[in-house]
């Protein structure tokens, strides 16, 4: 009897997790669909419909620099907002390298351009000095700096990659005409996802991932997945849903082994609905 009551209590908790993760997944789907529609409409208004990727990138940078009036004050404590609705509509967020690059990447992706966020780290690889974007142009991942509204090129007008910009003389030439550019924003240490900044375990995780899978950051566009709140919500919901389903199957297996029938999630919902909407008997 004690074993059955424990199993039922665990089953109840897992059912709550299963139902909650399903609702979170549905919320993520609806949010991501809404965000996709918003970004598509925004991109259609800003980008030339039938133009080259370079001209589209130039159009986004021009819009960020000289576009129509936007809200100037962002009334929130979250200065690293990842919601495109915020980053595209508040001048204050567009002027910050992190949120400005998020806005650029989201808008470029909605316009059919391959773009991803790149972090420029300090010499120790612990802190982020600056955030830029990589855009796939002419068969290479070229560097675009949304904060300075520039596609970085050499003196011959060729697009520059992060590997080329890791050379100080190339960086100096490419940024010579960018007023106020800080040369500590260099490309000697870069990352797409920065685990090393996490306390205690960060450097260990970063080193292990880099040693086991050296190209793990290069092979997937993590920017849109992790730097858009709607997408992150959807991914978290799917992960929790899969985890809850696995737990549920383990409980069912354990219950069959001891001839115990744990309550299912839909049965639990049914009982909760009956308890919620059934009138309490009047006192006599």
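The values are calculated or read from the model by the stated rules, or taken from the named source; none is laboratory data. What you see is a predicted model; the values in this text were computed from it and never measured. Please note: Cβ atoms are built from the backbone with ideal geometry, for glycine as well, and neighbour counts cover all protein chains shown.
Remarks
- Answer from 123, 133, 150 - the residue that is under 15 Å from residue 58 (Cα atoms) and surrounded by fewer than 20 Cβ atoms within 10 Å (Cβ to Cβ): 150
- Number of residues in region 153-193 that are more than 18 Å from residue 58 (Cα to Cα), surrounded by 13 or more Cβ atoms within 10 Å (Cβ to Cβ) and touching a helix residue (DSSP H, G or I) at 6+ places or on another chain (Cβ under 9 Å): the value is 13.
- Residue 8 meets the conditions (1) out of contact with any helix residue (DSSP H, G or I) (no Cβ under 7 Å at 6 or more places or on another chain); (2) surrounded by 15 or more Cβ atoms within 10 Å (Cβ to Cβ); (3) at pLDDT 80 or above in every case but one. The failed one is (3).
- Condition check for residue 68: surrounded by fewer than 19 Cβ atoms within 10 Å (Cβ to Cβ) and modelled with pLDDT under 75: yes
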